[in-house]
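For reference, the structure discussed in these notes is given below.
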Amino acid sequence: MTTTVGVIGLGNMGGGMAATLARHDFPVFGFDLSQAARDKAAAAGVTPVSSLAELLDTIDIVILSLPKAEHVEQLCLGKEGTQEENQDTTRLLTLGKPGLIVIDTTTSTPETSRKVAAALATRGIDFIDAPVSGGPKGAASGSMSMVIGAEEEVLARAMPVLEAMSGSRVHVGGCGAGNVAKIANNMLAACHLISTAEAVSMAARAGVSPEKLLEGVNAGSGRSGASQVMFPNWVINKAYDSGFTMGLMRKDVGLASDLAAALGLELPLANAVAQLWDESRASLDDSEDFCAIVQRTDSTLFGHGA
Ligand code: NAD
């Protein structure tokens with residue numbers, strides 16, 4: 001039997017995921033608040049729909065790619081404090097059919113995943129948190145990686161869709177564990193971007209070009225996603241067009257700080273890095289590329305005017 005898939009949130013990541021699944025011959029329906037996003041998805045073989053009700057009427061699996069945890073909670077459970085009957089035609093909890101699987105690829109919080117999963121379970125709807133890495137290119141090519149929080153049995157049922165949309169999948173635990181792993185991953189990425197900027201800047205002042213330094217680092221033990229992917233693709237060429245915004249990375253840095261605080265952990269390095277991302281609000285708008293944070297380390301070397 002053909003699995004019909006819905007994608008909610010057709011932005012930088014969700015748009016690429018929907019196009020990838022359509023290329024794999026899944027019937028794909030897409031919903032986004034933005035007409036422009038729906039039009040773009042339609043051009044990639046996705047059937048756009050204009051309401052959540054219309055989408056959930058037809059599909060077996062729904063993928064969420066929304067900005068933040070609060071968007072996931074609101075879409076699934078509705079607005080807190082609103083009369084329940086007003087929401088029955090607008091939220092996934094009441095519109096989704098028993099047997100539906102929700103795959104949430106949003107970088108969200110473990111608490112939100114567990115809260116939403118528990119509520120959906122009362123209606124026979126399963127929930128997987130499967131946040132992703134690999135950027136818009138990885139989503140559009142089906143090569144992104146996933147860290148997954150799910151029950152084995154639900155994961156097995158969702159696997160053909162997950163395999164079509166990603167190059168690697170690590171099942172890290174039960175519901176919520178995917179977001180724990182993703183928050184830890186992005187905490188590292190936020191640190192590596194700044195520490196690599198400091199290393200590149202120091203070496204440049206000492207007479208080693210950024211290109212040569214990165215070649216050396218990437219053959220050595222200092223390498224990371226920042227030195228191997230971010231600097232070559234988006235920093236050194238000053239393109240700053242990764243498709244991941246400063247606003248979303250600040251959100252992820254905040255999620256890491258909140259998780260550490262909730263666990264009563266003192267993480268001095270992560271704290272210092274979080275402070276740098278927070279202070280960068282003064283000069284870098286939420287809409288800028290997240291890699292632009294390196295300009296705060298060395299505006300001459302990494303700035304557009306250099
Ligand atoms: P985006 O802003 O490009 O896309 C989000 C989309 O969701 C927008 O098109 C918006 O209109 C839509 N949307 C918001 N609320 C909605 C609702 N209630 N119903 C329907 N559509 C709604 O964001 P993105 O860059 O695609 O990121 C999506 C998620 O993936 C975020 O959690 C982000 O942190 C994570 N992520 C992004 C990247 C990246 O490189 N961009 C990489 C890994 C993870």
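The values are calculated or read from the model by the stated rules, or taken from the named source; none is laboratory data. None of these values were measured; they are calculated from a predicted model. Methodologically, a virtual Cβ is constructed for each residue, glycine included, from the backbone with ideal geometry; neighbour enumeration extends over all protein chains shown. When the accessible area is computed, the model is the full protein with side chains, heavy atoms only, and any ligands, DNA or RNA have been set aside. Shrake-Rupley method; radii C 1.70, N 1.55, O 1.52, S 1.80 Å.
Is there a quick way to get the dipole size of the chain? I mean about its Cα centre, with the Cβ of Lys and Arg at +1 and of Asp and Glu at -1; what is the value in debye to the nearest 20? Show your work: numbers first, answer last.
Details: 22 positive and 34 negative charges, 129 e Å.
Using Cβ point charges on Lys, Arg, Asp and Glu, the chain gives about 620 debye.
Considering only protein heavy atoms and a probe of 1.4 Å, how much of the accessible area of region 181-302 is carbon and sulfur, as a whole percent?
Details: 3420 of 6050 Å².
For region 181-302, the apolar C and S fraction of the accessible surface comes to 57 percent.
Normalised by the number of residues in the chain, what is the relative contact order in percent for Cα pairs under 8 Å and 6+ residues apart? Walk me through the intermediate numbers first.
Values: 558 pairs, mean separation 40.5, N = 306.
Taking the mean separation of contacting Cα pairs over the length of the chain, I get 13 percent.
For region 5-174, what's the relative contact order in percent, using C-alpha pairs closer than 8 Å and at least 6 residues apart? Working shown, then result.
Values: 353 pairs, mean separation 34.8, N = 170.
About 20 percent, as a whole number.
For the chain, what is the accessible area per residue in Å² when the probe is 1.4 Å?
On the way: 14050 Å² over 306 residues.
Ligands and nucleic acids excluded, the result is 46 Å² per residue.
Return the long-range amide H neighbours of PHE127 (sequence gap of 5 or more, or a different chain), with a cut-off of under 5 Å between placed amide H atoms.
VAL102
For GLY30, what residues show an amide H to amide H distance below 5 Å, using hydrogens built from the backbone and excluding near sequence neighbours?
Residues meeting the criterion, in which the H sits 1.01 Å from N, are VAL7, THR47, VAL49.
Hey, if we sort SER221, SER34, SER280 by accessible area with the 1.4 Å probe, largest down, what's the order?
So the residues, ranked largest to smallest area, are SER221, SER34, SER280.
Where nothing but the Cβ of Lys and Arg (+1) and of Asp and Glu (-1) is charged, how large is the charge dipole of region 166-306 around its Cα centre, in debye to the nearest 20?
Numbers: 10 positive and 14 negative charges, 65 e Å.
Using Cβ point charges on Lys, Arg, Asp and Glu, region 166-306 gives about 320 debye.
Arrange the residues HIS192, HIS24 by how much accessible surface each exposes, largest first, with a 1.4 angstrom probe. Walk me through the numbers on the way to the answer.
Details: HIS192 60, HIS24 95 Å².
Order by accessible area, largest first: HIS24, HIS192.
So what are the ³J(HN,Hα) numbers for region 90-96, from phi and the Karplus equation (6.51, -1.76, 1.60; θ = phi - 60°), rounded to whole Hz, Gly and Pro as x?
10, 10, 4, 3, 9, 8, x
Quick check on my link table: of LYS182/LYS212; LYS212/LYS251; LYS137/LYS251; LYS115/LYS137, which ones sit more than 27 Å apart, alpha carbon to alpha carbon? If you can, show how the numbers build up before the last one.
On the way: LYS182/LYS212 31 Å; LYS212/LYS251 33 Å; LYS137/LYS251 21 Å; LYS115/LYS137 31 Å.
Distance filter (> 27 Å) returns LYS182/LYS212; LYS212/LYS251; LYS115/LYS137.
In sequence order, what are the phi-derived ³J(HN,Hα) couplings for region 3-18 according to the Karplus relation 6.51 cos²θ - 1.76 cosθ + 1.60 with θ = phi - 60°, rounded to whole Hz, with x for glycine and proline?
Running phi through 6.51 cos²θ - 1.76 cosθ + 1.60 with θ = phi - 60° gives 8, 9, 10, x, 10, 10, x, 10, x, 3, 8, x, x, x, 4, 4 Hz.
Please give the charge dipole size of region 5-174, origin at the Cα centre, charges +1 on K and R Cβ atoms and -1 on D and E Cβ atoms. Round to the nearest 20 debye.
Details: 13 positive and 20 negative charges, 94 e Å.
That gives a dipole near 440 debye.
At R0 = 25 Å, how high is the FRET efficiency between ALA261 and ARG281 if r is their beta carbon distance? Nearest 0.05 is fine. Show your work: numbers first, answer last.
Numbers: r = 20 Å, r/R0 = 0.79.
Efficiency for this residue pair is about 0.80.
Along region 265-275, what does the Karplus equation 6.51 cos²θ - 1.76 cosθ + 1.60 (θ = phi - 60°) give for ³J(HN,Hα), rounded to whole Hz, x for Gly and Pro?
Running phi through 6.51 cos²θ - 1.76 cosθ + 1.60 with θ = phi - 60° gives 9, 9, 10, x, 5, 4, 4, 5, 5, 4, 5 Hz.
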